[in-house]
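Coordinate-derived values only; no laboratory data. All figures in this text were calculated on a predicted structure; none of them were measured in a lab. For neighbour counting, all protein chains shown are included, and Cβ atoms are generated from backbone atoms with ideal geometry for every residue, glycine included.
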Amino acid sequence: MAKELDLHRRSMPKQEPFERIRNFDEVALGYTEELAQEEAGRCLNCKKPLCQEGCPVGINIPEFIRYIVEGDLQAGIKKIKETNALPAVCGRVCPQEEQCESRCILGKKGEPVSIGRLERFLADWEASKGRAEKPAMASLNGKKIAIVGSGPAGITVANDLALLGYEITIFEALHAAGGVLTYGIPEFRLPKAIVKREVEYVKSLGVKLYVDYIVGKTRTIDSLFKEFDAIFVGAGAGLPWFMNIPGENLNGVYSANEYLTRCNLMKGYLFPAFDTPMKRPAIVAVFGGGNVAMDSARTALRLGADESHIVYRRSKEELPARAEEAENAEEEGVIFDYLTLPVRLIGDDQGWLTEIECIKMELGEPDASGRRSPVPMKGSEFRMKADAVIVAIGNSPNPLISMTTPGLKVGKKGNIEVDEATGKTSRDNIWAGGDVVTGAATVISAMGAGRKAAKAMHEALSGGK
Ligand code: FAD
């Protein structure tokens with residue numbers, strides 16, 4: 001008899017909004033084993049699992065879900081780890097609604113299986129047991145690899161090549177590893193202990209990690225070649241864009257990078273226990289509509305802002321943030337000013353921001369991105385009060401590496417150019433992947449690029465053996 005369809009997903013317990021805006025603890029609390037089993041039981045175990053095709057690293061989703069149904073959680077997490085070294089991270093921050101879950105057959109009639117929540121459940125279950133099973137490792141092959149940057153792209157390359165017997169050293173510019181996972185995404189969405197645990201796991205494979213080491217300054221790529229056979233560049237996109245409107249130099253205007261780095265990496269939210277002062281503005285306006293904007297607006301609320309606004313030039317339908325995070329922001333009281341474009345920032349005679357001049361927008365014809373483009377409405381200018389602005393409209397790669405590495409080809413926005421199939425750059429024995437190639441994207445796409453590059457590096461260095 002055909003399985004009866006269970007069209008509704010089990011909701012995940014969360015901290016209540018009134019409670020969570022007063023702390024930096026994780027908002028979502030994760031499934032209990034009982035809820036996970038019920039949710040896993042909704043999976044139809046399709047003969048042709050489209051969900052797996054929707055996953056950029058090709059996790060065998062139906063199989064790990066089946067293990068949950070059978071109660072064999074160890075086998076479930078092992079299955080995920082065959083293709084994903086960072087399951088606790090991906091289970092929390094991947095845009096599943098656009099990837100695996102968007103392809104789930106159940107989604108056609110009801111709600112798709114909560115694949116991300118089940119992935120998170122298994123990773124957290126393994127962590128609660130305090131033991132992480134390591135896959136089989138090849139013996140050392142005598143080849144040495146340097147990796148620039150310890151974000152998801154660099155960590156994935158380190159994991160994959162360490163398992164294949166390479167001696168790996170990661171060079172990280174900041175004082176802590178993890179890339180955006182550590183300095184960008186806030187504690188309430190991705191606890192740092194989880195990132196640390198996953199970085200420690202990769203180090204336990206024999207990977208060496210140097211922090212406070214800026215490749216291009218401390219040492220150039222070319223000088224690394226005296227010691228290493230090949231190099232992977234996973235340096236991310238850490239150079240923030242600004243609006244280029246009058247008043248952006250006023251006091252109280254931040255890039256989201258600076259704001260979130262102060263709060264997360266430098267623990268500004270724990271001031272004065274940590275020595276990072278952070279302004280506590282009353283009215284904050286965040287420009288942008290992606291995950292970075294949501295994280296900034298929600299951080300501002302937790303730091304005591306009376307009002308935290310998202311100022312976005314398109315409408316709710318076009319918001320690029322994960323649906324769950326936009327919903328969380330709304331629940332917490334973030335105010336969404338849609339179809340609004342800031343055109344000028346106004347300050348007092350001491351140079352401090354006081355107001356923002358905006359113009360209302362309407363949606364016109366679709367642009368190159370396929371989204372309807374916002375068009376200013378004549379005469380609709382208005383002003384809003386604000387004592388802080390956080391600009392979260394995008395990033396591009398820092399030019400340091402390309403400027404200090406002759407022959408490394410970059411595109412117009414400073415992105416390193418690579419062969420799409422392999423991640424190989426224009427220079428011999430240098431590969432690259434993640435945001436440094438694509439511009440600001442997602443954790444899983446950076447991991448997918450890392451996996452592709454690791455495979456190609458292995459083929460090139462071992463003659464395909
Ligand atoms: P990064 O994570 O940026 O790591 C690059 C590392 O290289 C950094 O640690 C940097 O310090 C280091 N580095 C740079 N230059 C040098 C140098 N010269 N020498 C040595 N080290 C160097 N994605 C999602 O999928 N879901 C989300 O919910 C999500 N939320 C986000 C929220 C915020 C606030 C931000 C900023 C991004 C978010 N993203 C999200 C995007 C995602 O985090 C990135 O796409 C991903 O981290 C890119 O990985 P990466 O390894 O390419 O680069």
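Close amide-amide hydrogen proximity is noted between Phe336 and Ile310, each under 5 Å apart and 5 or more residues distant or on a separate chain (H modeled in the peptide plane; Pro and chain starts excluded). Span-like helix criteria (full DSSP H runs; alpha carbon extent of at least 24 Å along the helix axis; mean Kyte-Doolittle hydropathy of at least -0.5) are satisfied in the chain by 443-462. Could you list which residues have their amide H under 5 Å from that of Ala388, counting only those 5 or more apart in sequence or on another chain, with H placed in the peptide plane? Correct list: Ile283, Ala285. The lysines whose alpha-carbon is closer than 28 Å to the alpha-carbon of Lys360, local same-chain residues fewer than 8 away aside, are Lys316, Lys378, Lys385.
What is the log10 of I(q)/I(0) for the chain, computed with the Debye formula using one identical point scatterer on each Cα and no solvent, at q = 0.09, 0.10 Å⁻¹? Cα-only, vacuum Debye calculation for the chain: -0.63, -0.79. Please work out the FRET efficiency for the pair Glu38 and Ala421, using the Cβ-Cβ distance as r and a Förster radius of 41 Å; give the result to the nearest 0.05. With R0 = 41 Å, the Cβ-Cβ based efficiency is 0.50. Counted residue by residue at 0.36 nm each, then reduced by the alpha carbon distance between them, the extension gain from Ala136 to Glu16 reaches 38.9 nm. Take the Cα of Glu70, step 7 Å toward its Cβ, do the same at Glu327, and the gap between the two points is 3.2 nm. Note on Lys316 and Leu29: with the Förster distance fixed at 30 Å, the Cβ-Cβ geometry gives a FRET efficiency of about 0.70.
Between the alpha-carbon centers of segment 1-72 and segment 317-352, tell me the distance in whole angstrom. Segment 1-72 and segment 317-352 have Cα centres spaced 31 Å from each other. Going out from 0 in 10 Å bins, what whole percent of all Cα-Cα distances in segment 179-300 drops into each bin? With a bin width of 10 Å, the distribution comes to 10, 33, 32, 19, 6, 0.
For the peptides 124-135, 205-216, 319-330, the ranking by packing is 319-330, 205-216, 124-135, with the highest mean count of neighbouring Cβ atoms within 10 Å listed first.
For segment 280-401, what mean projected area does the convex hull of the alpha carbons give, in nm²? For segment 280-401, averaging the hull's shadow over all directions gives 9.6 nm². Taking only the C-alpha atoms of segment 381-465, Rg followed by Dmax gives 17.5, 65 Å. Taking other residues whose beta carbon is less than 14 angstrom from the beta carbon of Asn395, and scoring Lys, Arg as +1 and Asp, Glu as -1, yields -2. Taken as Cα centroids, segment 146-170 and segment 187-256 sit 14 Å apart, rounded to the nearest whole angstrom.
Cβ-Cβ distance of Phe271 and Thr218, R₀ of 45 Å, FRET efficiency by 1/(1 + (r/R0)^6): the value works out to about 0.95. The Cβ shell under 10 Å around Gly151 holds other residues with a net charge of -2, Lys and Arg each +1, Asp and Glu each -1. Taking 26 Å as the cut-off for C-alpha to C-alpha distance, list the pairs among Lys409/Lys455; Lys144/Lys217; Lys192/Lys412 that go past it. The answer is Lys192/Lys412. The aspartates and glutamates within cross-link reach of Lys109, meaning a Cα-to-Cα straight distance under 14 Å and a gap of 8 or more places when in the same chain, are Glu4, Asp6, Glu101. Residues of segment 246-263 with backbone nitrogen within less than 18 Å of a virtual label 7 Å along the Cα-to-Cβ line of His175, please, listed as ranges. Counting backbone N atoms under 18 Å from the label point, the list is 258-263.
Full extension of the chain between Glu53 and Glu4 yields a length gain of 15.2 nm, computed as 0.36 nm times the residue separation minus the alpha carbon distance. Structural descriptor for the chain: relative contact order 15 percent, calculated from alpha carbon pairs under 8 angstrom and at least 6 residues apart. Beyond 23 Å in Cα-Cα separation lie the following of the pairs Lys47/Lys129; Lys129/Lys196; Lys226/Lys424; Lys81/Lys208: Lys47/Lys129. Summarised in one figure, the compactness ratio Rg/Rh of segment 247-346, Cα atoms and Kirkwood Rh, is 0.96. Note on Arg197 and Arg280: the model spin-label points, each 7 Å out from Cα along the C-beta direction, lie 3.2 nm apart. Across all directions, the average projected area of the convex hull around the alpha carbons of segment 1-160 is 12.2 nm².
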